[in-house]
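The values are calculated or read from the model by the stated rules, or taken from the named source; none is laboratory data. As the structure is a computational prediction, the values presented were derived from the model and not from experiment. Backbone-built Cβ (ideal geometry, glycine too); neighbour counts: all protein chains shown.
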Amino acid sequence: MTNVRGGATAEARMVACHECGLLLHAHRIPERYAARCPRCGATLYAKSRYSVDSAIALHVTGLVLFVIANSFPFITFKLEGRERTSTLISGVLEFIDQDLWMLAAVVFMLTIAIPLLKLLATLYVLIPVRMGRPFAKSTIVFRSVEVMRPWAMMEVFLLGVIVAYVKLLDLASLELGPSLFAFAAMIIVLAAGEAAIEPREVWNTLGPEHTGPRSADSSEGQRHTDFIDCHACGFVLFGDRPAHHVDCPRCAAPLHRRKVNSLNRTWALLISATILYIPANVYPVMTVISFGKGQPDTILSGVKELIHADMWPLALLVFFASITVPVMKIIGLSYLLISVQRGSNWRPRDRTRLYRMIEFVGRWSMIDVFMISILIALVKLGAIATIEPGVGATSFAAVVILTMIASHSFDPRLIWDRMEVGNGKP
Ligand SMILES: [Zn+2]
Ligand SMILES: [Zn+2]
């Protein structure tokens, strides 16, 4: 890692930090290095060791594995001489069967539709870039790749599969199908494919990085009122007072100095999530019917059961993902909102770090929802053993989605804006 603040050899290129809004010179960096913002510590850009060629090859492999993962048995459940085979989409179909449309849509989008769209969109951008003539709509498509990134949750789903598998081991025998292995391989291949792409480099092949006019001594740490940077592609538009209501010249996203209505929007989403968090914990997320008797499970009783079964690591994992993370997100974001509204200048770097952490862990709370989708698809043997989804699961999925959108609506640069008022930098 290297800080971007450097000597007189600075290139003319400028970048704006997406987390604190500081304007900086962009330097050439060696392979496998990343440039970090000296003020808030955010990773600004990196230099991948791999070429566009390897990124394309890995994504094509990912596409083949995606087809395999969706075409064969995922897991087979065997109990008392009866067996039930599920595929990747079985959980979604089961939710539809139970009229739980929202859960069906959530699981379908996060585990099948968005990963596929993101994969195809990446190839749509990269292949013409490799040939040296990007398609006209490449910028808009690449923007959508960035938007889809946090919502492609294959690895979270796989962890849900593992939790479901361990839970069922006591009850029955399970057979892993070829689709499961293809799915796991696809996660690894696509993670490598994503690591091979440096978004800033791709953007720079699609269009210039910033525009003039800018003053000759346009300098690092310039006041944030002197430029606007595109939230989607990082394009920097200079000017004494850049006009509002213009679109990014590179990717056509509307340009805003800061995310629009960031504080109000984040509060609204956060309050809705907090309200829904109550039914999510009070109502059962699933009911386990075993030999005719039903046993409703809430999120917390599910954790307790894992403890009783001496599955401590799993209990801790589910407790962390389903209880600690949502609560931490609600409290952490509320604190950030209040601190910005009160104009606090206390430890901005640590508050930015807190924000980064909230953004990073948010999606892992989906483990429980995915686990339920696997359990209801597999355990469906009438009165002998059946698992049915509960209404709590819908509320819980809504909480996770709302808090994810809430943390995305918050603009961490607001933490730093106050520091620039008066005598410039802190
Ligand atoms: Zn920064
Ligand atoms: Zn843009």
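Say we look at the range 277-292 and pick out the residues that are crowded, with 20+ Cβ neighbours inside 10 Å and within 15 Å of Leu103 (Cβ to Cβ); which of these is nearest to the chain's Cα centre (by Cα)?
Filtering the range 277-292 for residues that are crowded, with 20+ Cβ neighbours inside 10 Å and within 15 Å of Leu103 (Cβ to Cβ), the one nearest to the chain's Cα centre (by Cα) comes out as Ala280.
For the range 1-50, give me each residue that is at pLDDT below 90 and among the basic types (Lys, Arg).
Matches in the range 1-50: Arg5, Arg13, Arg28, Arg32, Lys47, Arg49.
So Cys233 passes all but one of these: (1) away from ligand 1 (no atom under 16 Å from the Cβ); (2) part of a loop (DSSP other than H, G, I, E, B); (3) modelled with pLDDT under 90. Which condition number does it fail?
It is condition (3) that Cys233 fails.
I'm trying to understand the selection: among the residues of the range 293-328, which are surrounded by fewer than 17 Cβ atoms within 10 Å (Cβ to Cβ) and either in contact with a strand residue (DSSP E or B) (Cβ under 6 Å, 6 or more places away or on another chain) or not in a helix (DSSP H, G or I) (or both)?
Correct list: Lys293, Gly294, Gln295, Pro296, Ala309, Asp310.
Residues in the range 173-192 that are aliphatic (A, V, I, L, M) and in contact with a strand residue (DSSP E or B) (Cβ under 7 Å, 6 or more places away or on another chain): how many?
The initial filter retains those residues of the range 173-192 that are aliphatic (A, V, I, L, M), namely 174, 176, 180, 182, 184-192.
Keeping just the survivors that are in contact with a strand residue (DSSP E or B) (Cβ under 7 Å, 6 or more places away or on another chain) gives 174, 176, 180.
Total meeting the criteria: 3.
For residues in the range 133-145 being without any contact (Cβ under 8 Å) to a residue 60 or more places away in the chain and in contact with a helix residue (DSSP H, G or I) (Cβ under 9 Å, 6 or more places away or on another chain), which is surrounded by the most Cβ atoms within 10 Å (Cβ to Cβ)?
To start, the set of residues in the range 133-145 that are without any contact (Cβ under 8 Å) to a residue 60 or more places away in the chain comprises 133, 135-137, 141, 144-145.
Keeping just the survivors that are in contact with a helix residue (DSSP H, G or I) (Cβ under 9 Å, 6 or more places away or on another chain) gives 135, 137, 141, 144-145.
Details: Phe135: 14, Lys137: 11, Val141: 19, Ser144: 16, Val145: 22.
Per the criteria, the residue is Val145.
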